[in-house]
Amino acid sequence: MEFNIAVLGGDGIGPEVTEQGVRSLEAVGRAFGHSFNLNYGDIGGISIDKHGIPLTDETRELLDSNDAVLFGAVGGPKWDSPDAKVRPEMGLLDMRAHMGVFANIRPVKVYSWLAESSVFKPNVINGVDMVVVRELTGGLYYAEPRGRRETPNGIVAEDTMRYTEGEIERVIRVGFELARGRRKKLASVDKANVLECSRLWRTVATRLGEEYPDVELEHVLVDACAMQLIQKPTDYDVIVAENTFGDILSDEASMLAASMGLLPSASLAGVPEAGQRSGGLYEPIHGTAPDIAGKGIANPTGSILSVALMVRYSLGLTEEAAAIERAVDKVLEQNARTADLVIGEDKHVTTSEMGDLVVAAIERGN
Ligand code: IPM
Ligand code: MN
């Protein structure tokens, strides 16, 4: 089959890791007889530099006209002044809103091969297998009023957290549906002891729970969740949280997997289903890592595994997705370690060497 993919590398290590994601896509294409038309575009800081804005109409058009979007990361010190009028991150937020991808799915899997690379004791992380579902197009990130203004008492800055029932329900439904296909446990995260938005969140979660009697629903306050995630992470199956809480908790959860460089994500406008064909945005959960950008040492695994999610949820290619995941597993088992994963004197592989190994494993059919 033939597919059209938008590729937006962005800033920092974004383009380097995305290149390896693209190579594994092409490898799976060769192995299974598919072709991919890659349509490259600018987003973030690079787009500000070239066009003055972080998301142009041209890139927006790419979002609309392709089967899926593979994205790297945006941002960096160059564009980071607190007084900047345009920011790279605005491009990412606009893209998410434009695509309507309200459910950001971040699977956290612990590879037994990497136990040594983790900061956690093996008995804490052995068997961790969870999915964080983060609400992605609402809440503090988007609601108005927001901004900064001068007042007689000095400068005031404000952000607003607002959610409609509908926005809450559709993302919690994604959580329930995912849990139903897994260990049937859903942790709904909120701060209902303080925030009105969280009280509505809890009400909606409880109500929706009646439609899912087979799924065990637990309400967890976000601060307690942050603690329990490292105290007893194996307890968690699916976590669903509003935008900001989900952002923070998923970075925390990524450390269970040894490095955030390993984790992929899928952002969708509905419930993910293997084999379906509907648009989506796929990106590693890590950022631009300006300190290592251009050195060729970043871990491309998050991007490569994002490609696996992309072919599974947006291109309908279930076997192909599994082939990519198996290849990554094999390569890690055989001790390939990018710099973020090495311990002591071990030699590390570069970004492109990691890509080479995954491509070779896909071609071997591992
Ligand atoms: C992420 C990132 C972004 C976010 C930033 C770059 C705006 O941290 O994708 O998790 O906060 O959503
Ligand atoms: Mn984040």
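Each value in this text was obtained by applying a stated rule to the coordinates, not by laboratory testing. From a predicted model like this one, the values you see are computed outputs, not experimental measurements. Here the Cβ positions follow ideal geometry from the backbone for every residue, glycine too, while neighbour counts run over all protein chains shown.
Data for the structure
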{"read-out": "Selected from G41, S118, G316, residue furthest toward positive end of dipole (the chain; charges at beta carbon)", "value": "S118"}
{"read-out": "For the chain, calculated [θ]222 nm from helices alone, where every DSSP H run of n ≥ 4 adds -39500 (n - 2.57)", "value": "-12500 deg cm²/dmol"}
{"read-out": "Net charge of neighbours whose Cβ lies under 15 Å from the Cβ of R326, counting Lys and Arg as +1 and Asp and Glu as -1", "value": "-2"}
{"read-out": "Cα-Cα pairs of segment 207-366 separated by more than 27 Å (percent)", "value": "34"}
{"read-out": "For segment 286-297, 3J(HN,Hα) per residue [Karplus equation, 6.51 cos²θ - 1.76 cosθ + 1.60, θ = phi - 60°, Hz, x = Gly/Pro]", "value": "6, x, 8, 6, x, 5, 10, 4, x, 8, x, 10"}
{"read-out": "Surface/4 of the Cα convex hull for the chain, nm²", "value": "18.7"}
{"read-out": "For segment 170-197 and segment 287-349, distance of Cα centres in Å", "value": "28"}
{"read-out": "Cβ-based exposure ranking for T18, T338, in which fewest neighbours within 10 Å come first", "value": "T338, T18"}
{"read-out": "Computed lengthening from N39 to K121, 0.36 nm per intervening residue step minus Cα-Cα distance", "value": "25.2 nm"}
{"read-out": "Charge dipole magnitude, Cβ of K and R +1, D and E -1 - the chain, Cα centre, debye nearest 20", "value": "440"}
{"read-out": "K191 long-range amide H proximity, modeled H, under 5 Å", "value": "S198, V222"}
{"read-out": "Kirkwood hydrodynamic radius of segment 205-259, Cα pairs, Å", "value": "12.3"}
{"read-out": "Computed label-point distance, nm, for sites N4 and T318 using a 7 Å Cα→Cβ extension", "value": "2.8"}
{"read-out": "Residue-by-residue Karplus 3J(HN,Hα) for segment 214-221, coefficients 6.51, -1.76, 1.60, Hz, glycine and proline x", "value": "7, 9, 7, 9, 10, 9, 10, 5"}
{"read-out": "Cα coordinate range in segment 287-338, projected on the principal axes (Å, largest first)", "value": "37, 26, 12"}
{"read-out": "Principal axis dimensions, segment 119-257 - Cα atoms, whole angstrom, descending", "value": "56, 39, 23"}
{"read-out": "Cα principal axis extents for segment 1-105, largest first, Å", "value": "50, 28, 26"}
{"read-out": "Surface/4 of the Cα convex hull for segment 153-233, nm²", "value": "7.1"}
{"read-out": "GNM result for the chain, Cα springs below 10 Å: residue of M130, M310, M161 fluctuating most strongly", "value": "M161"}
{"read-out": "Lys, Arg +1 and Asp, Glu -1 on Cβ, resulting dipole of segment 243-366 about Cα centre, debye, nearest 20", "value": "240"}
{"read-out": "Karplus (6.51, -1.76, 1.60) ³J(HN,Hα), θ = phi - 60°, over segment 167-181, in Hz, Gly and Pro reported as x", "value": "5, 5, 4, 5, 7, 5, 4, 4, x, 4, 5, 5, 4, 4, x"}
{"read-out": "Where labels lie 7 Å past Cα in the beta-carbon direction, separation of E218 and A97 in nm", "value": "3.6"}
